[in-house]
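So the structure is just underneath, and the comments pick up after that.
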Amino acid sequence: TSDEAQEDAIRVRARLEARRDPLRLKEHLFWLMWHHWLRGEFVESVATCNDGIALSAQLGSPPVQYPSIRGLALTDLGRFDEAWASFQEEVADDAHPFGRCMRELGVACWLESLGALDRAETTARQVLAEAERLSRTWMQRSMVDLLAVIAARRGAGGAELAGWVARKSDEIGFRPSTLSRAELALAQGDCAKALELADRLAGA
């Protein structure tokens, strides 16, 4: 079950810390950052990101993605100023194009959460194109989902974008995720459908 997986993950972390195995611990912390965020455990995700960033500094390795994952969790907590600051800490120089793309993905989500839909759309389209260039399919899926939500939030005014997203989805070969369908239902005011999909996710 999901709870058993959570307990196992915590036990693995404790074991790696006890063994003083920083390289494997760093890898596990990276997994935990996403794990907590996907479970809606945003405070835990932020704390794990901070631990991972500190460990990366000790190891002398750049914490690519860590600040952006933290920014996503902070955005979901409604701590928007802190989220913006975290995105700006991403490893995003010319040697790390993936880090730069990850930062912009986070910024697109941040803008959408603030209701800055035009700016969110522009950024999401740029991330989608760059993710395709970098062969990061999960980022492409994420931005297709985000753009679909932006279209839904615009109501009748989002029809053109919705059509573009549908054509892009067919081109890339992605179908809307359950999470994005829940967000779409919520954006369209269908709270019952959103709750049904959320319950389905929680039971997965």
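List of remarks:
- Rounded to whole numbers, the Karplus 3J(HN,Hα) couplings from phi for the stretch 137-150 are 5, 5, 6, 4, 4, 4, 6, 4, 4, 5, 5, 5, 5, 4 Hz, using 6.51 cos²θ - 1.76 cosθ + 1.60 with θ = phi - 60°, and x at Gly and Pro.
- Report note on the peptides 48-54, 95-101: ranked by the mean count of other C-beta atoms within 10 Å, highest first, their order is 48-54, 95-101.
- The string of couplings for the stretch 122-129 from the Karplus curve (6.51, -1.76, 1.60, θ = phi - 60°) is 4, 5, 5, 5, 5, 5, 4, 5 Hz, one whole number per residue in order, with x for Gly and Pro.
- Its DSSP H runs of at least 4 residues, each contributing -39,500 (n - 2.57), put the calculated 222 nm mean residue ellipticity of the chain at -25500 deg cm²/dmol, to the nearest 500.
- Cβ charges +1 (Lys, Arg) and -1 (Asp, Glu), total dipole of the stretch 61-194, debye: 380 debye
- Couplings for the stretch 29-44, taken from phi via the Karplus curve 6.51 cos²θ - 1.76 cosθ + 1.60 with θ = phi - 60°, read 4, 4, 4, 5, 4, 5, 4, 5, 4, 5, 7, x, 8, 6, 4, 5 Hz in order; Gly and Pro are left as x.
- The chain, accessible area per residue, ligands and nucleic acids excluded (1.4 Å, Å²): 53 Å²
- Degrees separating the helix 191-202 axis from the principal Cα axis of the chain, which is the longest one: 30 degrees
The values are calculated or read from the model by the stated rules, or taken from the named source; none is laboratory data. These numbers come from a predicted model, not from an experiment. In this analysis, Cβ positions are derived from the backbone assuming ideal geometry, glycine residues included, and neighbour counts consider all displayed protein chains. Surface areas here come from the heavy atoms of the whole protein model, side chains and all, with no ligands, DNA or RNA. Shrake-Rupley method; radii C 1.70, N 1.55, O 1.52, S 1.80 Å.
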